[in-house]
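Engineer: My questions all concern the structure below.
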Amino acid sequence: MMKTIVLKVNPQHPDPASIARAAAIIRRGGLVAFPTETVYGLGADALNAQAVLGIFHAKERPAHDPLIVHIADPEQLREIAVQIPDVAWTLAQEFWPGPLTLVLYKAPQVPSEVTAGGNTVAVRLPAHPVARALIRQAGTPIAAPSANRFGHVSPTRAEHVLRDLGGRIDLILDGGSTPVGVESTVLSLISSPPVILRPGGVSREALAHCLGPVVLRSEITARNQPALSPGMTLKHYAPSATLRLYAGERATALRAMHRVAEQYLRAGHQVGLLLVDEDVPAFRDLPAVVQNLGSVTDMATVAHRLFAGLRALDEAGVTVILTRDLGTEGLALAIRDRLTRAAAGQVILVDEKTQGDSRR
Ligand code: TXA
Ligand code: MG
C-alpha cells in the first residue's frame, strides 16, 4: 500500500509547483488522478506500457477495456493516430478542448496496452485547465480512464477518487468538483458515417449540427429505443444499492415509484430517491432519503450532480434507489445511458394501459 498524496489546486489557475510535482510523477511512470471538465481521470504516461499497466492494476480494470489518450494540443493527434480523416479536424475545431473523444486508427508508437490490443485509439483534448497544464508539463500524452474502481460510479470530486483508489495511486490533484459531471461522448470515426459509442458531454444534437444525423451504437445493435434496452448492458457506473429506473409517462412513473418506495419502507428498508426538483413534492409524505438533481429544465445541473448524488445515497446506506428517466434530449441521453447501466436490468417501463410496472 502506497501513500496517496492529495494536493489542492485552483481549478482555473493551478499552482505551477503542484503541476510540476504531478508531471514528474507521470514522467517517471507513476499514477496521478486529475480533474477534467467531465470526471476525474486516472493518468499515466500513454507511451509507457508499464505505467499504463499500473492503471489497470489500480482500478482492477479488465485488460480488454481500452483507455482514452488525453492530449494538450490538437497537433498532438498526429503522434497518436494515423489516417486521420478531414472530419476529425472539423470536429476538433468545433469541440476541442471539450468532452468529445474520437476513435481513430492508432499510431505505431501507442502501446497495445492502451488500446487493449486493438488497432484503434480513443483521443481527446480536455478543457479543464488542470488537465491541460498537467499534460503540457508532463510533455507526453496521458492515458486516463475515469478514476474509479472498475464498474463503480465515476468520480466527480477528489474525495470520490480517494475513497476508491486511496493507497493505490501516487497523487490526486484536487481541483474541486468537475463541471460537466458525465463522461465524454465517444465517437468512432472508423466507420463512415460516424457512430456514437457512448453518449456524453457533447450532445448528439451538437454533433448532428456539424455532421448531419449521427447514429448511436445501441440503435444498431438493438432495434429499440436509444439505450433503453437493459439486457444488452452489463452492470456499470453502478452504486452499491439496487437502482430502479422508471421510464414512461411522468405521472404514471411517479405513482409507480411512490408505490414501490412505500413497499420497501414498510419492509424496513432505507429508500433513496434521486429526483429532479419538480418531482420532489410527489414524495413529501415518505421518510425516504432524497438527493436533489436540480430542475428538469436545467440538464447541465442534473448531469453535474448525478454521480455525486448516487454516491451520497450509497453513503446514506440505502438499499434501493428509485429514479426517473428524463428522455433523450441534449445531456439527458448521456444521463439515461448511465442510469440504464447502473440499473442493470431494473428498467421499468410504465404506461397508462398496464397501469403499473411492466418490468422488462
Ligand atoms: O470523460 C471521459 O471520457 C473520462 C475523462 C477522464 O476523460 N474518461 C473516461 O474513460 O470516461 P473510461 O476509460 O472510463 O471510458 C472510456 C470509454 C470506454 O467505454 C472504452 O471502452 C472506450 O472509451 N474506448 C476507449 N478506447 C476505445 C477504442 N479504441 N475503441 C472504442 N472504444 C474505446
Ligand atoms: Mg469509466
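Engineer: Would you mind finding the one in Arg157, Arg124 that is of a type in the set (D, E, K, R) and under 16 Å from Leu102 (Cα atoms)? Talk me through it step by step, then tell me what you get.
Structural biologist: On the way: Arg157 fails: under 16 Å from Leu102 (Cα atoms).
Result of the check over Arg157, Arg124: Arg124.
Engineer: Among (1) more than 18 Å from Val182 (Cβ to Cβ); (2) touching a Phe, Trp or Tyr at 6+ places or on another chain (Cβ under 7 Å), there is one condition Asp325 misses while meeting the rest; what is its number?
Structural biologist: For Asp325, the failing item is (1).
Engineer: One residue is enough: does the range 148-157 have a residue meeting the conditions without any contact (Cβ under 8 Å) to a residue 24 or more places away in the chain, out of contact with any Gly (no Cβ under 6 Å at 6 or more places or on another chain), more than 10 Å from ligand 1 (Cβ to nearest atom) and among the charged types (D, E, K, R)? Talk me through it step by step, then tell me what you get.
Structural biologist: Looking only at the range 148-157, we keep the residues that are without any contact (Cβ under 8 Å) to a residue 24 or more places away in the chain, and these are none.
No - not one qualifying residue is present in the range 148-157.
For every residue, the table says whether it meets (1) in a strand (DSSP E or B); (2) under 23 Å from Trp89 (Cβ atoms).
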site	(1), (2)
Arg136	no, yes
Thr140	no, yes
Glu159	no, no
Arg163	no, no
Pro179	no, no
Val182	no, no
Leu187	yes, yes
Ser191	no, yes
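Engineer: May I ask you to verify whether Val180 is away from ligand 2 (no atom under 16 Å from the Cβ) and either under 28 Å from Leu333 (Cα atoms) or touching a residue at least 40 places away in the same chain (Cβ under 8 Å) (or both)?
Structural biologist: Criteria not met by Val180.
Engineer: Do the conditions hold for Thr101, that is, is it in a loop (DSSP other than H, G, I, E, B) and touching a residue at least 60 places away in the same chain (Cβ under 8 Å)?
Structural biologist: Values: in a loop (DSSP other than H, G, I, E, B): no; touching a residue at least 60 places away in the same chain (Cβ under 8 Å): yes.
No; evaluated as a whole, the condition is false for this residue.
Engineer: When Arg149 is evaluated against the numbered criteria (1) more than 13 Å from ligand 2 (Cβ to nearest atom); (2) of a type in the set (Lys, Arg); (3) under 15 Å from the mean Cα position of the chain (by Cα), which criterion, by number, is the only one it fails?
Structural biologist: The number of the failed condition is (1).
Engineer: Hey, among the residues in the range 46-82 that are within 16 Å of ligand 2 (Cβ to nearest atom), part of a loop (DSSP other than H, G, I, E, B) and among the aliphatic types (A, V, I, L, M), which one's nearest to Ala24 (Cα to Cα)? Please lay out each step first, then the result.
Structural biologist: Within the range 46-82, the subset within 16 Å of ligand 2 (Cβ to nearest atom) is 52, 55-70.
Restricting the remaining residues to those that are part of a loop (DSSP other than H, G, I, E, B) gives 60-67.
From what's left, among the aliphatic types (A, V, I, L, M): 63, 67.
On the way: Ala63: 26, Leu67: 21 Å.
Filtering first and then ranking leaves Leu67.
Engineer: Quick check on this structure: which one of Leu274, Leu313 is in a strand (DSSP E or B) and surrounded by 21 or more Cβ atoms within 10 Å (Cβ to Cβ)?
Structural biologist: Details: Leu313 fails: in a strand (DSSP E or B).
Going through Leu274, Leu313 in turn, just one is in a strand (DSSP E or B) and surrounded by 21 or more Cβ atoms within 10 Å (Cβ to Cβ): Leu274.
Engineer: Also, quick follow-up: When you go through Gly98, Gly43 one by one, which is the residue that is closer than 25 Å to Val153 by Cβ and more than 16 Å from ligand 2 (Cβ to nearest atom)? First the steps, then the outcome.
Structural biologist: Numbers: Gly43 fails: more than 16 Å from ligand 2 (Cβ to nearest atom).
On inspection, the qualifying residue turns out to be Gly98.
Engineer: Can you find even one residue in the range 320-327 that is touching a residue at least 60 places away in the same chain (Cβ under 8 Å) and in a loop (DSSP other than H, G, I, E, B)? Don't jump to the end; show me each part of the working.
Structural biologist: Taking the range 320-327 first, the residues touching a residue at least 60 places away in the same chain (Cβ under 8 Å) are 320-325.
Add one more test, that the residue is in a loop (DSSP other than H, G, I, E, B), and what stays is 325.
Within the range 320-327, one or more residues are touching a residue at least 60 places away in the same chain (Cβ under 8 Å) and in a loop (DSSP other than H, G, I, E, B).
Engineer: Regarding Ala122, is this residue within 12 Å of ligand 1 (Cβ to nearest atom), outside any helix (DSSP H, G or I) and either touching a Leu at 6+ places or on another chain (Cβ under 8 Å) or in the same structural domain as Arg311 (by TED's automatic domain parsing) (or both)? Talk me through it step by step, then tell me what you get.
Structural biologist: Details: within 12 Å of ligand 1 (Cβ to nearest atom): yes; outside any helix (DSSP H, G or I): yes; either touching a Leu at 6+ places or on another chain (Cβ under 8 Å) or in the same structural domain as Arg311 (by TED's automatic domain parsing) (or both): yes.
Spelling it out, Ala122 is indeed within 12 Å of ligand 1 (Cβ to nearest atom), outside any helix (DSSP H, G or I) and either touching a Leu at 6+ places or on another chain (Cβ under 8 Å) or in the same structural domain as Arg311 (by TED's automatic domain parsing) (or both).
Engineer: How about the range 104-119: which of its residues are at positive phi and either assigned to a strand (DSSP E or B) or within 16 Å of ligand 2 (Cβ to nearest atom) (or both)?
Structural biologist: Within the range 104-119, the subset at positive phi is 116-117.
Matches in the range 104-119: Ala116 only.
Engineer: I would also like to ask the following. Restricting to the range 230-247, name every residue that is modelled with pLDDT under 85, touching a helix residue (DSSP H, G or I) at 6+ places or on another chain (Cβ under 7 Å) and away from ligand 2 (no atom under 16 Å from the Cβ).
Structural biologist: Within the range 230-247, Pro230, Met232 qualify.
Engineer: Just one of Ala92, Ala131, Ala127, Ala144 is within 15 Å of ligand 2 (Cβ to nearest atom), outside the structural domain of Leu331 (by TED's automatic domain parsing) and either under 25 Å from Arg21 (Cβ atoms) or in contact with a helix residue (DSSP H, G or I) (Cβ under 7 Å, 6 or more places away or on another chain) (or both); which is it? Give the derivation first.
Structural biologist: Values: Ala92 fails: within 15 Å of ligand 2 (Cβ to nearest atom); Ala131 fails: within 15 Å of ligand 2 (Cβ to nearest atom); Ala127 fails: within 15 Å of ligand 2 (Cβ to nearest atom).
So the residue among Ala92, Ala131, Ala127, Ala144 that is within 15 Å of ligand 2 (Cβ to nearest atom), outside the structural domain of Leu331 (by TED's automatic domain parsing) and either under 25 Å from Arg21 (Cβ atoms) or in contact with a helix residue (DSSP H, G or I) (Cβ under 7 Å, 6 or more places away or on another chain) (or both) is Ala144.
Engineer: Sticking with this structure for a sec: Determine, yes or no, whether His160 is closer than 30 Å to Glu315 by Cβ, away from ligand 2 (no atom under 16 Å from the Cβ), surrounded by 16 or more Cβ atoms within 10 Å (Cβ to Cβ) and not acidic (Asp, Glu). Break it down into steps so the answer makes sense when it comes.
Structural biologist: Working: closer than 30 Å to Glu315 by Cβ: yes; away from ligand 2 (no atom under 16 Å from the Cβ): no; surrounded by 16 or more Cβ atoms within 10 Å (Cβ to Cβ): yes; not acidic (Asp, Glu): yes.
Against the criterion (closer than 30 Å to Glu315 by Cβ, away from ligand 2 (no atom under 16 Å from the Cβ), surrounded by 16 or more Cβ atoms within 10 Å (Cβ to Cβ) and not acidic (Asp, Glu)), His160 does not qualify.
The values are calculated or read from the model by the stated rules, or taken from the named source; none is laboratory data. Predicted model, so just to flag it, every value in this text is computed and none were measured. Cβ atoms come from the backbone with ideal geometry, glycine included; neighbour counts cover every protein chain shown.
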